[in-house]
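Okay, so here's the structure we're looking at.
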Amino acid sequence: MPILNQSKLIAILYLENNLTIGAFTERRVEVLNLICTQAAISLENARLYRQAQTSLEELQASHMQLVQSEKMSALGNLVAGIAHEINNPINFLKGNLKPAINYSKDLLGVLDMVIEDEARADILDEMEDINVDFIREDLPNLLNSMAFGISRIHDISNSLRTFSRADKDYKTAFNVHEGLDSTLLILKHRLQPKDARAPIEVRKEYGDLPNIHCFAGQLNQVFMNLIANAIEAIHEGSEHWTLAEAKAKSPSAITITTSQVDLDRVKIAIADTGPGITPNIQARIFDHLFTTKPVGKGTGLGLAISHTIVVKKHGGTLTVSSEVGKGTEFVVVLPIKKSAEK
């Protein structure tokens, strides 16, 4: 029998009975017609529901991709701009510091010659007033300290550019440890002690990793989300502690471990000493728009976007394991070699 919806064939009902003669009576056929009418409605509703679910999934994916692109574009432009602006005074200072060191040496040398002059007594008195011996000892230290500061700013600038690197439309070679370190540098201020919060120790247990082929900017966003979540978890866990209580407890720490799983994959594990996550929350933690944070503090997109980047964009895996009261660990496994784009 045909199953029709608005005169269109959408399915066929096939019944066969080889055991009973006259099984399909006229009345039974009428009942089957009624059943087919209801089946047609049910099948059409199921089809429409499936289409709606598919559209919803596509909309969610588009939403996450749009949010991800906008966030990375805004952050990338901001960071790249800051790095560019920092580089100009760095280069200026770096270019002038070496001559300044040489000038100071020359001037001190001339000073040694001058004190042999006829006005030696007056010069010695003036030297004592301005404490020349201290200046002679401290000036090189001062200049070396400036050189170290310039070097440090230069490292920060490079880290900012590493983090904000723009992705091409194809995967490129990427040093995972550089990405992690640049992310940690950007988040460094959130690791420092503040009010009743003890400092968060970062433990790096880096293995020997090859470069991997990936969208580097997107992976940096994953690292940012996971490490920032670890910091927030630790802060929330110690929210009601006094500073003395925080120091008395086991050190707050984030441990980042990297290793090569096999010839084809690498693993990045980010573990924290926060309060942990209950099993029912773990089951939904990568869901689109799911968040346990109060309104205004979380969008429910960070981990969902991270999961999409790792799984769909790179063919890897992102998993979570946690024990209440002991902490949480997120594990990212990524392919090493370049694979076909989806």
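The values are calculated or read from the model by the stated rules, or taken from the named source; none is laboratory data. In this text, all values refer to a predicted model and were calculated from it rather than measured experimentally. Cβ: placed from backbone, ideal geometry, glycine included. Neighbour counts: every protein chain shown. We work out accessible area using only protein heavy atoms, side chains counted, and drop any ligands, DNA or RNA first. Shrake-Rupley method; radii C 1.70, N 1.55, O 1.52, S 1.80 Å.
In this entry, L143 is excluded by the filter for residues that are surrounded by 13 or more Cβ atoms within 10 Å (Cβ to Cβ), at pLDDT 70 or above and either closer than 30 Å to E236 by Cα or within 15 Å of the chain's Cα centre (by Cα) (or both). Would you call L187 touching a Ser or Thr at 6+ places or on another chain (Cβ under 8 Å) and either modelled with pLDDT of 90 or more or not aromatic (F, W, Y) (or both)? Spelling it out, it is not the case that L187 is touching a Ser or Thr at 6+ places or on another chain (Cβ under 8 Å) and either modelled with pLDDT of 90 or more or not aromatic (F, W, Y) (or both).
Results for (1) open to solvent by 70 Å² or more (accessible area, probe 1.4 Å); (2) in a helix (DSSP H, G or I); (3) at pLDDT 70 or above, shown as yes or no for each residue.
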{"residue": "I90", "(1), (2), (3)": "no, yes, yes"}
{"residue": "L108", "(1), (2), (3)": "no, yes, yes"}
{"residue": "I150", "(1), (2), (3)": "no, yes, yes"}
{"residue": "R161", "(1), (2), (3)": "yes, yes, no"}
{"residue": "A166", "(1), (2), (3)": "yes, no, no"}
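Among the residues of region 19-46, just one is in contact with a strand residue (DSSP E or B) (Cβ under 8 Å, 6 or more places away or on another chain), open to solvent by 70 Å² or more (accessible area, probe 1.4 Å) and under 30 Å from H288 (Cα atoms), namely L43. Scanning region 62-88 for residues that are of a type in the set (G, A, S) and either open to solvent by 50 Å² or more (accessible area, probe 1.4 Å) or modelled with pLDDT of 70 or more (or both) yields S62, S69, S73, A74. Filtered by the rule that a residue be part of a loop (DSSP other than H, G, I, E, B) and touching a residue at least 60 places away in the same chain (Cβ under 8 Å), region 179-210 gives a lone residue, P210.
Taking the criterion of being of a type outside the set (A, V, I, L, M), open to solvent by less than 60 Å² (accessible area, probe 1.4 Å), closer than 28 Å to T291 by Cα and at pLDDT 90 or above, the residues of region 244-275 that qualify are T255, T257, T258, D272. Would you point out the residue of region 219-243, among those that are open to solvent by 30 Å² or more (accessible area, probe 1.4 Å) and not hydrophobic (A, V, I, L, M, F, W, C), that is modelled with the lowest pLDDT? Among them, the one singled out is H240.
Residues of region 27-43 that are among the aliphatic types (A, V, I, L, M) and within 16 Å of Q6 (Cβ to Cβ): A39, A40, I41, L43.
Taking region 277-315 as the range and being open to solvent by less than 60 Å² (accessible area, probe 1.4 Å), modelled with pLDDT under 90 and at positive phi as the test, only G300 passes.
Under the condition of being without any contact (Cβ under 8 Å) to a residue 24 or more places away in the chain and open to solvent by 80 Å² or more (accessible area, probe 1.4 Å), the residues counted in region 1-18 number 9.
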